[in-house]
Amino acid sequence: MRFSSFANGLSMAELLYRELELCEWIGDSSVKSLFAVFGGDAGANLIIKLHNGISCSIECGNRLPAGSRPVDRHELIARRGIASDRTVDSQIPQSSIYLFSETGKSEFTDIDAELFELEPESSLYVRAAFAALRSGSTASLWNKRHSRIMKVLDAALSGKLSFFEKENSI
Amino acid sequence: MSQKPVKIAIMSLTHGHTRKYYQTLKENPKLEWVAVQADNQDVRKIFESGSHGVPCYDSAEEMFRRHPDLEAVVLASANSRHLEQIRDCAERGLHIISMKIPSFDMGEYDEMIRISEKHNVVVQVELELHYNPVVHRLKKLIAEGAIGKILSIQATNITLSPVWAFPWQGIPELSYGKRVALGENNPRFRGGALCDHPHVFDLIRWLSGSDIDFVYSQTAPNIRPELEVEDMLLVNGKMKDGTAFLLDPSWSRMEERLKVPGPGWEVYPKRMEVNLVITGEKGTLFCDCFGPNVYHNGAPNDRYTVQYTYFDEWIGLVDEFVRCVRDKKTPQINLRWHRQTISAMNACYESIQSGLPVNI
């Protein structure tokens with residue numbers, strides 16, 4: 001799995017938390033080992049092995065200019081084929097609408113008609129909160145997952161080769 | 001004043017980059033393409049089907065005898081043959097364009113340096129991205145301070161696997177130089193995707209102006225389980241100036257198993273990618289070294305395909321080679337410069353074997 005996330009105004013811990021959690025969730029396994037290197041507080045490069053044998057890379061950076069939309073990519077490579085949330089031969093995410101007008105260029109991406117006008121990331125937060133409120137077991141599961149990801153994150157931020165040999169799936 | 005064209009030949013014809021020289025050798029007025037030598041009848045037939053109008057010999061000895069005025073060669077051969085060929089050519093005073101991996105054996109590598117310096121011949125290592133216009137722009141932007149000091153680099157050099165067309169790239173002895181297991185409980189051997197992709201190791205050195213300090217590397221299970229060499233791996237580490245990096249030199253794009261590369265090679269739509277993301281103190285650069293491109297479906301397999309842009313870096317590469325031969329200069333990508341890249345790649349294999357980071 002090849003994950004990357006570049007943003008503005010987020011700490012490396014915030015960027016890595018999201019990608020580590022996606023890594024365990026999409027990979028359907030927990031982190032067995034990781035090796036992390038950092039470019040100060042601006043860049044992080046992780047190689048991860050999950051307990052089920054999947055290899056994963058996570059690349060993060062937080063030096064996009066203020067007001068930039070996040071640039072991320074999640075690519076899964078398997079023997080049958082490849083899946084990705086970015087189109088082939090592209091470097092940055094697409095928008096739904098591009099407006100070229102007298103006032104310049106604008107882009108719009110709306111993912112939720114009920115939460116229209118919210119940014120995609122904000123819509124996802126609202127939907128996640130709603131899901132947690134609807135089911136107590138979901139909140140409990142996510143809290144356990146949070147505790148585990150925080151341990152992995154601490155290990156990553158220590159910048160050392162870290163191993164989690166004991167299976168600890170949540 | 002115009003210089004006399006350099007009389008040049010191609011040897012072996014078994015390397016995947018062989019055919020990339022044909023047009024440049026034909027059209028560049030600074031060269032006179034006089035001969036080729038084929039290592040086997042398969043590559044000879046493929047070459048002769050192209051009607052290049054250049055004589056093809058089965059033996060290097062015969063080619064040298066028939067062309068005593070030959071001045072230079074392109075060594076388009078399996079990695080395992082490079083030392084023997086460099087020795088033979090250098091002793092004849094022939095200048096050399098070497099493929100991207102002269103040797104993984106550092107003893108052999110140093111012998112190549114010694115021989116070429118003793119005989120005063122130019123040996124230019126073929127790392128064509130140095131002559132790529134996108135990379136030129138990238139280097140210029142970095143030099144102008146567009147993103148400030150570089151803090152982190154991510155780079156891909158991901159391709160389909162060439163082993164079906166160029167079988168030596170899947171044979172450890174021919175690709176890596178010997179059969180070395182990747183690890184204690186690993187059924188595969190050194191010599192796969194990593195050996196095919198030195199460019200990103202070279203690029204991060206060239207762009208950062210620093211050398212590699214340490215690497216950590218790990219393989220994934222092969223997506224082509226029948227290969228006995230690695231096809232999926234990741235590398236991270238740090239440069240001596242503190243720049244963090246992550247490299248993906250995998251064969252992660254699936255291919256049709258063609259004997260001769262051509263249209264329809266791709267199963268995944270894009271056969272090759274060299275992308276970089278560079279984070280600096282003042283900003284971030286996203287770079288695709290081979291784009292923008294053209295997209296099509298239709299012949300031969302009705303698949304959606306990225307017809308990627310060929311900038312033909314070989315023109316600049318060959319121009320520099322000719323200048324160095326005629327003016328007795330050292331090319332920017334010479335054996336001494338490239339040595340650290342090969343050392344770093346070897347360190348990746350050591351890291352895969354030990355599971356630990358390895359200092360260069």
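The values are calculated or read from the model by the stated rules, or taken from the named source; none is laboratory data. Remember, it's a predicted structure, so these values are computed and weren't measured experimentally. Every residue, glycine as well, gets a Cβ built from its backbone with ideal geometry; the counts of neighbours run over all protein chains shown.
With respect to being within 29 Å of B:Glu108 (Cβ to Cβ), acidic (Asp, Glu), surrounded by fewer than 21 Cβ atoms within 10 Å (Cβ to Cβ) and out of contact with any Phe, Trp or Tyr (no Cβ under 6 Å at 6 or more places or on another chain), B:Glu144 falls outside the description.
Does the range B:1-17 hold any residues that are more than 12 Å from B:Glu71 (Cα to Cα), modelled with pLDDT of 90 or more and either among the hydrophobic types (A, V, I, L, M, F, W, C) or outside any loop (DSSP other than H, G, I, E, B) (or both), and which are they? Scanning the range B:1-17 gives B:Met11, B:Ser12, B:Leu13. Residue count for the range A:72-119, restricted to those that are among the small types (Gly, Ala, Ser), out of contact with any His (no Cβ under 9 Å at 6 or more places or on another chain) and within 14 Å of chain B (Cβ to nearest Cβ): 3. Against the condition buried (at least 24 other Cβ atoms within 10 Å of the Cβ) and at pLDDT 95 or above, how does A:Ala44 come out, does it pass? Yes, satisfied.
Residues considered: B:Ala220, B:Ala244. Of these, the only one that is more than 21 Å from the chain's Cα centre (by Cα), under 20 Å from A:Arg80 (Cα atoms) and facing another protein chain (nearest Cβ under 7 Å) is B:Ala220.
For the range B:36-59, the set of residues classified as within 11 Å of B:Ile10 (Cβ to Cβ) and either more than 26 Å from the chain's Cα centre (by Cα) or assigned to a helix (DSSP H, G or I) (or both) consists of B:Val43, B:Phe47, listed by residue number. Going by what's in this entry, would B:Met232 be described as within 21 Å of the chain's Cα centre (by Cα) and closer than 20 Å to B:Leu127 by Cβ? Judged against the criteria, B:Met232 is not a match. Taking the residues in the range B:223-241 that are more than 8 Å from chain A (Cβ to nearest Cβ), out of contact with any Pro (no Cβ under 9 Å at 6 or more places or on another chain) and of a type in the set (A, V, I, L, M, F, W, C) as candidates, determine which candidate is surrounded by the most Cβ atoms within 10 Å (Cβ to Cβ). If we take residues in the range B:223-241 being more than 8 Å from chain A (Cβ to nearest Cβ), out of contact with any Pro (no Cβ under 9 Å at 6 or more places or on another chain) and of a type in the set (A, V, I, L, M, F, W, C), then B:Met239 is surrounded by the most Cβ atoms within 10 Å (Cβ to Cβ).
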